[in-house]
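These notes concern the structure reproduced below.
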Amino acid sequence: MPVRFQHDQQSNSVYFITFTCHKWRNLFSITDAYAAVYKWFDSLYENKNRVLGYVIMPNHVHALIYFPEMKKSLNSLIGNAKRFMAYEIIKRLEEQKNLTLLEELAASVKEKERKKGQRHKVFEDSFDAKECYSNKFVYQKLDYMHKNPVSKRWNLVTDFTDYLYSSAAYYVKGVKHYDKLFHVNEVLL
């Protein structure tokens, strides 16, 4: 039986977190469910955590998050976030009557998951979390995520600061697309 990977975590740390839609399907864009990610950010904020940077791509999310105190495990935090985002995505697919995609996501649920009540496979099981040990690493990850929408694979916009579902405009132009976003300089030494 495979063992689920547990991410090490430290309080008073910044983490670069990435999670992906099942089979890299563009579920955020298909359902226009970007607000579901912002709702997760709101819940992080309510628990005194700080979103320092992000990009919500059509099929994955990158986020740079400061955790002053780790009250729950990263696995629990991200697992809960993905579950609630999945509910919203499925609800929107049902409203769109996108039966083909709903059937595909339902068929991808393993028997063990089905017994636990899961009806659709919206996200990949795993996620990536890297603790940012230095300011240099934090800025490297910000640059990487902000440039994602203009990468050769995506080409979603010409200027990366024009991508609406990103913190890039805040860091370059001072324009926030998410009002509870914190600048890394507010957290880093």
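The values are calculated or read from the model by the stated rules, or taken from the named source; none is laboratory data. Please read these numbers as outputs of a predicted model, since none were measured by experiment. Cβ placement follows ideal geometry from the backbone for every residue including glycine, while neighbour counts extend to all protein chains displayed.
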Check your understanding: Out of the range 157-175, which residues are more than 22 Å from Ser134 (Cβ to Cβ) and surrounded by 14 or more Cβ atoms within 10 Å (Cβ to Cβ)?
Key -> Val157, Phe160, Thr161, Asp162, Tyr163, Tyr165, Ser166, Ala169
Point to revise | In the range 136-189, residue nearest to Asn26 (Cα to Cα) [restricted to those that are under 16 Å from the mean Cα position of the chain (by Cα) and of a type in the set (Phe, Trp, Tyr)] | key: Tyr165
Check your understanding: Does the range 120-132 include one or more residues that are exposed (fewer than 15 other Cβ atoms within 10 Å of the Cβ), among the hydrophobic types (A, V, I, L, M, F, W, C), farther than 22 Å from Leu188 by Cα and in contact with a helix residue (DSSP H, G or I) (Cβ under 9 Å, 6 or more places away or on another chain)?
Key -> no
Review point. Cβ-Cβ below 9 Å, separation at least six or inter-chain, first residue in the range 136-151 and free of Cβ contacts under 8 Å to residues at least 60 places away in the same chain and farther than 19 Å from Phe182 by Cβ, second surrounded by fewer than 16 Cβ atoms within 10 Å (Cβ to Cβ) and of a type in the set (Ser, Thr, Tyr): which pairs?
Key: Val150/Thr158
Revision key, fill the gap. If we take the range 32-147, then helices (runs of 4 or more DSSP H) inside it with 3 or more residues that are small (Gly, Ala, Ser) are 34-46, 74-96
Check your understanding: Any idea which of Val150, Val184 is surrounded by 15 or more Cβ atoms within 10 Å (Cβ to Cβ), modelled with pLDDT under 95 and either in contact with a Pro (Cβ under 9 Å, 6 or more places away or on another chain) or farther than 22 Å from Ala36 by Cβ (or both)?
Key -> Val184
Review point. On the given criteria, is Lys48 over 23 Å from Asn26 (Cα atoms), loosely packed, with under 13 Cβ neighbours inside 10 Å and basic (Lys, Arg)?
Key: yes
Review point. Is it the case that some residue within the range 139-149 is closer than 15 Å to Tyr54 by Cα and aromatic (Phe, Trp, Tyr)?
Key: yes
Practice item. Could you please find all residues in the range 9-46 being modelled with pLDDT of 95 or more and among the small types (Gly, Ala, Ser)? Key: Ser29, Ala33, Ala35, Ala36, Ser43
Exercise for review: Could you tell me whether Asn80 is surrounded by 13 or more Cβ atoms within 10 Å (Cβ to Cβ), free of Cβ contacts under 8 Å to residues at least 24 places away in the same chain and closer than 20 Å to Met145 by Cα?
Suggested key: no
Point to revise | Selected residue (only one of Leu77, Leu93 is out of contact with any Lys or Arg (no Cβ under 8 Å at 6 or more places or on another chain), of a type outside the set (D, E, K, R), at pLDDT below 95 and over 14 Å from Leu181 (Cα atoms)) | key: Leu77
Point to revise | Verdict on Gly53 being of a type outside the set (Ser, Thr, Tyr), over 24 Å from Asp143 (Cβ atoms) and buried (at least 16 other Cβ atoms within 10 Å of the Cβ) | key: no
Exercise for review: Evaluate the range 168-188: report whether one residue or more is assigned to a strand (DSSP E or B) and in contact (Cβ under 8 Å) with a residue 60 or more places away in the chain.
Suggested key: no
